[in-house]
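Engineer: This is the structure I have questions about; it appears just below.
The values are calculated or read from the model by the stated rules, or taken from the named source; none is laboratory data. Just so you know, these numbers come straight off a predicted model, no measurement behind them. Neighbour counts run over all protein chains shown; Cβ positions are idealised from the backbone, glycine included.
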Amino acid sequence: METETLTGLKERLDRVSDTYDGFKAAMISYAKKKPERYRKVMDYLDQNPDAESSDILWFVSSQDDFYEDAAPREEHGIQNI
């Protein structure tokens, strides 16, 4: 994804009333992986200009592809001693 596009997203996230660095980093990381993710986030921001970080996080985490980026789960069994 182009740097100018991500800069536009960062500028939008900077205007969220309760924004913070970790929130911005997470949203940019999510959006830059697929163009459709970027469009969804930008559309949400357009339609919800007063959304706070928790509203945006809820929206993103409710997307079908949100967990595609999760770290793989490792199974650790209990060892008999």
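Engineer: I'd like the full set of residues that are among the β-branched types (V, I, T), within 17 Å of F59 (Cβ to Cβ) and in a helix (DSSP H, G or I), limited to segment 3-38.
Structural biologist: Result: I28, single match.
Engineer: Moving on to the next point. On the basis of being in a helix (DSSP H, G or I), touching a Lys or Arg at 6+ places or on another chain (Cβ under 8 Å) and either β-branched (V, I, T) or modelled with pLDDT of 95 or more (or both), does M42 make the cut?
Structural biologist: yes
Engineer: Also, quick follow-up: I'd like the residue in segment 42-65 that is among the hydroxyl-bearing types (S, T, Y) and surrounded by 14 or more Cβ atoms within 10 Å (Cβ to Cβ) and, out of all such residues, is farthest from T5 (Cα to Cα).
Structural biologist: Only one residue fits best here, namely S53.
Engineer: Considering segment 1-28 alone, what residues qualify as being modelled with pLDDT under 95 and surrounded by fewer than 12 Cβ atoms within 10 Å (Cβ to Cβ)?
Structural biologist: E2, T3, E4, T7
Engineer: Restricting to segment 33-57, give me the number of residues that are of a type in the set (D, E, K, R) and without any contact (Cβ under 8 Å) to a residue 12 or more places away in the chain.
Structural biologist: Selection size over segment 33-57: 5.
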